[in-house]
Amino acid sequence: MKFVFGPVPSRRLGQSLGIDPVPLKTCNWNCVYCQLGRTIPLTNERREYIPREEIIAEVNQALASHTPGEIDWVTFVGSGETTLHASIGWLIRQVKSLTHLPVAVITNGSLLYLPEIRRELSPADAVLPSLDAGNARLYRKLNRPHPEVSFKRLVGGLAAFRKEYQGKLWVEVMLVRGLNDSGPALIEIAAALKEIQPDEVHILQPDRPPVETWVQPPDEEGLIRAMSILGNIARVVHPAEGSFDLSGSESVVDAIVSIITRHPMREDELQRTLDKWTSGQTDAALKQLASSGRAQVVERYGVRFWSATPAHFPNKVQSQRTKID
Ligand code: SF4
């Protein structure tokens with residue numbers, strides 16, 4: 001399957017069947033922490049990037065091949081921005097008509113200022129937008145957005161959506177050390193959250209390789225500070241441990257590619273996940289993938305991650321050159 005994957009383990013959504021409605025890095029942001037490489041070029045164009053019937057045919061097939069207890073949520077989660085698919089509303093409604101499972105949409109939230117996007121997302125059971133900054137300057141530095149999706153539009157759109165939306169609104173805040181984990185930065189995020197009134201705030205930290213070499217996860221103090229400033233609806237969400245569905249993978253190479261295309265992983269984590277093969281088989285498969293160019297090692301904070309994302313991860317010099325101060 002090309003557009004549907006999993007179920008994969010998720011701390012908040014249990015075993016989550018993923019639907020990826022846009023091609024890799026079709027995005028109107030270029031976040032410094034993105035695990036999928038740089039967004040080149042940025043796009044803010046809404047289009048039917050993938051024929052909607054093809055996506056629904058795969059959803060149907062995936063639902064039919066799993067017993068009800070094997071999937072907890074069906075989640076739209078892109079290799080880019082999910083709401084850039086022009087038929088996102090139609091896709092959500094179709095999935096709702098196919099299953100009683102709850103449907104979640106992970107989005108950066110930048111297009112929620114548009115009334116039609118708010119209407120299209122309204123049938124979802126949970127919407128998880130991002131808010132990593134409490135002012136326009138930090139937003140530009142962290143999320144590096146397309147010029148049409150301003151900070152004012154982001155916060156205004158989230159607040160407008162909250163007023164209309166009946167489902168769960170869980171705002172995600174990705175903490176980056178030295179950027180948005182200071183007291184003043186968190187106080188500004190808290191002020192924006194007060195305007196938005198989400199049901200929950202999920203504090204995340206980069207646990208996959210960030211695109212920029214200088215991005216660091218927050219330290220313990222930063223996490224505690226975020227918890228205390230963002231209020232009692234905020235909680236830290238740690239990465240989930242659990243099993244990946246590898247039933248569609250015929251070989252260890254297929255299994256590795258199916259995981260690390262969307263979820264770059266540490267080598268030891270990959271070995272654990274692929275325990276139905278020996279570590280020798282996994283090592284040999286990784287070597288083969290690296291020599292054929294289908295996978296690359298991305299080194300961040302002294303950790304080697306494997307990624308099969310055909311996107312650009314800059315080296316230290318390139319990364320520093322584009323840093324916005
Ligand atoms: S993290 Fe998400 S919103 Fe940010 S650049 Fe990557 S795909 Fe786009």
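Data overview
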{"item": "Test: residue in the stretch 156-168 that is within 23 Å of residue 44 (Cβ to Cβ), within 19 Å of the chain's Cα centre (by Cα) and open to solvent by less than 30 Å² (accessible area, probe 1.4 Å)", "result": "yes"}
{"item": "Residue among 319, 307, 292 that is closer than 23 Å to residue 211 by Cα, among the polar types (S, T, N, Q) and surrounded by fewer than 12 Cβ atoms within 10 Å (Cβ to Cβ)", "result": "292"}
{"item": "Output for the stretch 171-191, where each listed residue is of a type in the set (A, V, I, L, M, F, W, C) and surrounded by fewer than 20 Cβ atoms within 10 Å (Cβ to Cβ)", "result": "187, 190, 191"}
{"item": "Single unsatisfied condition, residue 46 versus (1) within 16 Å of the ligand (Cβ to nearest atom); (2) closer than 20 Å to residue 168 by Cβ; (3) open to solvent by 50 Å² or more (accessible area, probe 1.4 Å)", "result": "(2)"}
{"item": "From 32, 4, residue being crowded, with 19+ Cβ neighbours inside 10 Å, within 12 Å of the ligand (Cβ to nearest atom) and of a type in the set (A, V, I, L, M)", "result": "32"}
{"item": "Unique match (being among the aliphatic types (A, V, I, L, M) and within 17 Å of residue 34 (Cα to Cα)) among 185, 133", "result": "133"}
{"item": "Lone unmet requirement of (1) crowded, with 21+ Cβ neighbours inside 10 Å; (2) within 16 Å of the ligand (Cβ to nearest atom); (3) within 21 Å of residue 187 (Cα to Cα) for residue 138", "result": "(1)"}
{"item": "Any pair with Cβ under 6 angstrom, 6 or more apart, that starts in the stretch 255-276 at a residue that is over 16 Å from residue 209 (Cβ atoms) and ends at one that is open to solvent by 30 Å² or more (accessible area, probe 1.4 Å) and part of a helix (DSSP H, G or I)", "result": "271/279"}
{"item": "Answer from 119, 93, 144 - the residue that is closer than 28 Å to residue 178 by Cα and open to solvent by 20 Å² or more (accessible area, probe 1.4 Å)", "result": "144"}
{"item": "Filter result for residue 148 (of a type in the set (Asp, Glu), farther than 14 Å from residue 162 by Cα and not in a loop (DSSP other than H, G, I, E, B))", "result": "no"}
{"item": "Meets criteria (touching a residue at least 40 places away in the same chain (Cβ under 8 Å) and not in a loop (DSSP other than H, G, I, E, B)) for residue 190", "result": "yes"}
{"item": "Among residues of the stretch 166-217, those that are in contact with a Gly (Cβ under 7 Å, 6 or more places away or on another chain), within 16 Å of the ligand (Cβ to nearest atom) and closer than 24 Å to residue 152 by Cβ, counted", "result": "1"}
{"item": "Subset of the stretch 11-20 (residues that are among the polar types (S, T, N, Q) and open to solvent by 30 Å² or more (accessible area, probe 1.4 Å))", "result": "15"}
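The values are calculated or read from the model by the stated rules, or taken from the named source; none is laboratory data. None of these values were measured; they are calculated from a predicted model. All Cβ positions, even for glycine, are placed from backbone atoms using ideal geometry, and neighbour counts span all protein chains on display. Calculation scope for accessible area: heavy atoms of the full protein, side chains included, ligands and nucleic acids excluded. Shrake-Rupley method; radii C 1.70, N 1.55, O 1.52, S 1.80 Å.
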